[in-house]
Amino acid sequence: MRISRSLLSALCLLSVLCVSAHVPARPGRPKLVVAIVVDQLRTDYIEYLTPLMCSDGLSRMRKEGAYMRDVTFGPSRLDAVSSTALIFTGANPADNGVADDKVWDAAALRSLPALNDPATVGVNTSLTLSASPLLLSTVTDELMIDGAGLPLAHAVAADPQMSVIMAGHAGSGAAWLNTADGRWATSSYYKELASPAVNRNFRSPLSSRIDTMQWKPMLPLDRYPGLPAQKRQYEFRHTFPSRAKDVYERFAASPKGNEEVTDLAIDYLKNLQLGRRGDTVDMLCIGYTAAPFRDVKDGDYRLELQDSYLRLDAQLARLLKAIDSSVGLSNCVIFLSGTGYYDDAVPIDARYRLPSGDFSTKRAMALLNGFFSARYGPGNYVDAFAGGGFYISAKTLEAKGADPSEAARAAKDFLLKMSGVSAVYTLSDLLSPKDEEARRLRLCTNPRTAPQLTVTLSPGWNLVEDHTYPVVSTPVRRGSILSPAFIMAPGTVNPQVLREPVEATALAPTLSSLLHMRAPNGAASRPIPLN
């Protein structure tokens, strides 16, 4: 029996359709990636305040994406800068090169920003920053490499070093708030300031508006849960007078700073056509803060902290709405992570009689220098106290014929006798850790920039850095928090709640996996399965 050519073609087509119906299609790549880092964001505060939050911000991210309740960060010492580097590289500070927001410059004998690069020039700022000190690639870098340099990848944050890390080595640009004059700034490392930031500086400069701004509670005081009676009597009111010396620093640390960041991020979306440039995958990185606002009259910032979470939620809702109307959330991957630490240490009133004391760095440096002088002869042996430890002059020790390693071990025993000191580690101790605390310190120790002697103080004591001006007093407090992360990718990531701990080093590989590209070159963990 002969079958006609047309019938045969129809049968073949039907066969192909039947087979393909059982083969799942490869998910398409998104048009836009939005990566958000929120400094000191806490899981418990998000869940505690959920009834007061809107439905289009964090609640939407929890409902429509993967919600990781407990992202664990291995290093024992973190700040906004080192944590952002960890998140974007997928590697700990010991490997990615950014162990602190500042590093001690032995040649200049002063602390400098971790990303300081004298080969660059600041644009609207005196800071000279670049991603060169970051030793590993970031998610942003890998996206640019994957797209053969065609994507646009911009970062916006109040904090300059957070912005640079998020933009990475290969990003299109990084913008941050100059806390000297309120202008948006960048580095010549990225050639120029992006047009939305330039336009905002000229058409709506912060300096022309800041006197009119104020921060008051969003809700009636009886709506905020868990507050003591004295916090329900009077609502706070924070203003930002331009005559104040630190006005832009206070502004950047407040929810008003987050609002300014959102405004500029939305300008980037609209004016740079992010996510609307053909098949290219663009990226927008945003830095926010959820840190306690320190400038409170009574030292109790609980009300301000709750209000800052509600305002952050409102800004995220604004951002998601703008993304949806511009690109469509179905065409995006939205990533958000906290930074894994929380700095709520405040001095405790003496009337509570908690064990305490002051560890004066000026006094400790003098005593340590006296110890070395008695042992090896008069000289200037101690260069500085910075980054949690003492920098010892190898040049002076060698001139005295002393072995720097032996001198460090002897100094360790001497420092352990000081009041308030709970542990001392030489650099050799940290490079070959023998206990859990040393192991966690090792993860945030860059051997090229670390102090020769790292000191751990007892909880309750105050680290008083009085060897410099102005004097900075930091109460020592230990504790861990739950730090969250979210990933929204409609059609790719199923809505779910991950209650088991997730390694922070797995966030970058997970985001890379969703984009069908390789992970950063130093990523320490495998992607988290989210499907």
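Among the residues making up segment 357-396, those that are touching a Lys or Arg at 6+ places or on another chain (Cβ under 8 Å) and either surrounded by fewer than 17 Cβ atoms within 10 Å (Cβ to Cβ) or in a loop (DSSP other than H, G, I, E, B) (or both) are G377, G379, G387, G388.
Give the residue, chosen from R277, R311, that is of a type in the set (D, E, K, R) and assigned to a loop (DSSP other than H, G, I, E, B). Don't jump to the end; show me each part of the working.
On the way: R311 fails: assigned to a loop (DSSP other than H, G, I, E, B).
Selected residue: R277, the only one of R277, R311 that is of a type in the set (D, E, K, R) and assigned to a loop (DSSP other than H, G, I, E, B).
Cβ separations smaller than 7 Å between residues 6+ apart or across chains give the following pairs from segment 480-502 residues that are closer than 22 Å to D39 by Cβ to residues that are of a type in the set (D, E) and open to solvent by 10 Å² or more (accessible area, probe 1.4 Å): L482/D44; L482/D70; M488/E64; P501/D70; V502/D70. Considering every residue within segment 342-356, establish whether at least one is over 31 Å from the mean Cα position of the chain (by Cα), at positive phi and open to solvent by 30 Å² or more (accessible area, probe 1.4 Å). Within segment 342-356, one or more residues are over 31 Å from the mean Cα position of the chain (by Cα), at positive phi and open to solvent by 30 Å² or more (accessible area, probe 1.4 Å).
When residues of segment 73-99 are filtered for being acidic (D, E) and over 17 Å from G338 (Cα atoms), how many remain?
The first filter runs over segment 73-99 and keeps only residues acidic (D, E), leaving 79, 95.
Next, from what is left, pick out any that are over 17 Å from G338 (Cα atoms): 95.
Qualifying residue count for the region: 1.
Here S428 fulfils each of the conditions (1) over 25 Å from the mean Cα position of the chain (by Cα); (2) buried (at least 16 other Cβ atoms within 10 Å of the Cβ); (3) under 21 Å from F385 (Cα atoms) apart from (2).
Test of understanding: among V123, V34, V103, which residue is farther than 27 Å from E259 by Cα, surrounded by 20 or more Cβ atoms within 10 Å (Cβ to Cβ) and in contact (Cβ under 8 Å) with a residue 40 or more places away in the chain? Reasoning before the result, please.
Values: V123 fails: farther than 27 Å from E259 by Cα; V34 fails: farther than 27 Å from E259 by Cα.
Only one candidate qualifies: V103.
Of all residues in segment 323-333, those that are in contact (Cβ under 8 Å) with a residue 12 or more places away in the chain and either under 17 Å from the mean Cα position of the chain (by Cα) or open to solvent by 60 Å² or more (accessible area, probe 1.4 Å) (or both) total 1.
Restricting L272, L320, L284 to residues that are crowded, with 22+ Cβ neighbours inside 10 Å and closer than 26 Å to A508 by Cβ narrows the list to L284. When restricted to residues that are within 17 Å of S330 (Cα to Cα), among the small types (G, A, S) and buried (at least 17 other Cβ atoms within 10 Å of the Cβ), segment 477-531 contains 1.
Got a sec? Which of E249, E235 is closer than 15 Å to L305 by Cα, open to solvent by 50 Å² or more (accessible area, probe 1.4 Å) and not basic (K, R)?
On the way: E249 fails: closer than 15 Å to L305 by Cα.
Residue meeting the stated conditions: E235.
So which pairs qualify, if the first residue must be in segment 455-475 and farther than 18 Å from Y391 by Cα, the second must be open to solvent by 70 Å² or more (accessible area, probe 1.4 Å) and among the basic types (K, R), the Cβ gap must be under 7 Å, and the two must be at least 6 apart or on different chains? As it stands, the answer is P459/R477; P459/R478, since those pairs meet every condition given. Take L193 and tell me if it is among the hydrophobic types (A, V, I, L, M, F, W, C), within 21 Å of V121 (Cβ to Cβ) and either touching a residue at least 12 places away in the same chain (Cβ under 8 Å) or touching a Phe, Trp or Tyr at 6+ places or on another chain (Cβ under 6 Å) (or both). Taking the combined requirement at face value, the residue satisfies it.
The values are calculated or read from the model by the stated rules, or taken from the named source; none is laboratory data. Keep in mind it's a predicted model, so treat the numbers as computed, not measured. Ideal geometry is used to build each Cβ from the backbone, glycine not excepted, and the neighbour counts take in all protein chains shown. For accessibility, only protein heavy atoms count, side chains too; no ligands or nucleic acids. Shrake-Rupley method; radii C 1.70, N 1.55, O 1.52, S 1.80 Å.
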